[in-house]
Each structure stands twice: as structure tokens, then as C-alpha cells.
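Undergrad: If you scroll down you'll find the structure; I have some questions about it.
Nothing in this text is a laboratory measurement; each read-out follows from the coordinates by a stated rule. All figures in this text were calculated on a predicted structure; none of them were measured in a lab. Using ideal geometry, Cβ is built from the backbone for each residue, glycine included, and neighbour counts are taken over all protein chains shown.
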Amino acid sequence: VYAADTPMMKLLRRYTAILQRQTLQVSSEGSRNSIKEQDGTRTISNDVAADTEALTTITKEMDAAEAWTAESTIRTMLSKLGIEDRLMKMPISGLSGGQKKRVALASA
């Protein structure tokens, strides 16, 4: 379901990618992408600043799309289709044919 090519899932993947990239940039010491101390003031490199701006923009998009509740909505939908919580953590390849069809329905 998360791998679906819907606008909501694309938005969630973009949001996640920006957050991960920003976390890596800020935590990597000595990197040109990290926050650096200069004369007691903090400066943020262009890459981090660009990601911060992108994060602000995508947060507004997620607000407009009500994407913050997507995981809960997906879990509810799968549950109503008979996919238990334990199955939601499995790779698709581990599901039965009927379960795969129900996941496909939820993805549509």
C-alpha cells in the first residue's frame, strides 16, 4: 500500500526522504552539509537550508492533503479487509494469494 503510486503516497515518500536527508546532514560531523559553529554563531549550509525550505513546503502540502492520518487510514482499511496487524509487517511475498488481492484492493 505504501509503495502505491498515488499522490498521497508520493507525498509521504518525499516527506520521509527530506527528513532522512536532513537528519543525515545535521548529524554528519565535519561534513559540508552539517551545521557548523563559527565564532559562537551557528550557520547552516545551503543543502540543509534548502531541505528546511522544502520541508516547510511539503508540510503545508501534507496539511492540505490531510496526509498526517494516512497510516491510520491505511491500517483501518487493511483491517476491514481482513489483514491482521501481524500481516501488515510482512513483505507482500509472504502473503497468501487472497491476502495479496486484498492488499491490492486497499492500494487502489
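Undergrad: Quote to one decimal, in nm, the extra length available between Ser72 and Lys89 on full extension: 0.36 nm per residue of separation minus the C-alpha distance between them.
TA: 4.7 nm
Undergrad: Right, another one. For Ser96, put the label point 7 Å out on the Cα→Cβ axis and report which residues of region 47-82 keep their amide N under 13 Å from it.
TA: Counting backbone N atoms under 13 Å from the label point, the list is 82.
Undergrad: Sort 10-21, 78-89 by packing, meaning the average of other beta carbons within 10 Å per residue, with the highest value first.
TA: 10-21, 78-89
Undergrad: Okay, next question. Within 15 Å, Cβ to Cβ, of Leu81, how many net charges do the neighbouring residues add up to if Lys/Arg are +1 and Asp/Glu are -1?
TA: That works out to +4.
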